[in-house]
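Okay, structure first, notes after.
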Amino acid sequence: MSTEQFAQYQSGYATGKAEYCKQDPFVLGYDNRIYYGICNDVDRRYNEEYWRGKNARNRK
């Protein structure tokens, strides 16, 4: 992989991550969708809110 290809990969990953992390983590958990932990460095509460949604779903 060339330096240019790697830079393109990093740019694409950053764009995709920013888009993915716009999701509401509570809804993600409540809808029982998988969360891979990639947003924890964007918002340290993301994982907490995801699990709050998972737990709310389980209490239904």
In a Gaussian network model over the chain where Cα atoms closer than 10 Å are linked, find which of TYR35, TYR13, TYR46 has the largest mean-square fluctuation.
-> TYR13
Where labels lie 7 Å past Cα in the beta-carbon direction, separation of PHE6 and TRP51 in nm | 3.5 nm
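Using helices alone, what [θ] at 222 nm do you get for the chain, with -39,500 (n - 2.57) per DSSP H run of 4 or more residues, divided over all residues and rounded to the nearest 500?
One gets -19500 deg cm²/dmol as the mean residue ellipticity at 222 nm.
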Computed ³J(HN,Hα) along segment 33-45: with the Karplus parameters 6.51/-1.76/1.60, θ = phi - 60°, integer Hz and x for glycine or proline, the list is 8, 7, 10, 9, x, 7, 9, 4, 7, 7, 9, 5, 8
THR3 accessible area, nearest 10 Å², 1.4 Å probe?
-> 120 Å²
Accessible area expressed per residue, the chain, with surrounding protein chains retained (probe 1.4 Å, Å²) = 79 Å²
Point-to-point label distance, ASN40-LYS22, nm (Cα→Cβ direction, 7 Å offset) = 2.5 nm
Log10 I(q)/I(0) at q = 0.20, 0.24, 0.28 Å⁻¹ for the chain, from Debye over equal alpha-carbon scatterers, is -0.72, -0.89, -1.07
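Using only the heavy atoms of the protein chains and a 1.4 Å probe, how would VAL42, VAL27 rank by accessible area, largest first? Walk me through the numbers before you get to the answer.
Values: VAL42 95, VAL27 60 Å².
Largest accessible area first, the list is VAL42, VAL27.
The values are calculated or read from the model by the stated rules, or taken from the named source; none is laboratory data. On a predicted model such as this, the values are computed, not experimentally measured, just so you know. Reconstructed Cβ throughout: ideal geometry from the backbone, glycine too, with neighbour counts over all protein chains shown. Calculation scope for accessible area: heavy atoms of the full protein, side chains included, ligands and nucleic acids excluded. Shrake-Rupley method; radii C 1.70, N 1.55, O 1.52, S 1.80 Å.
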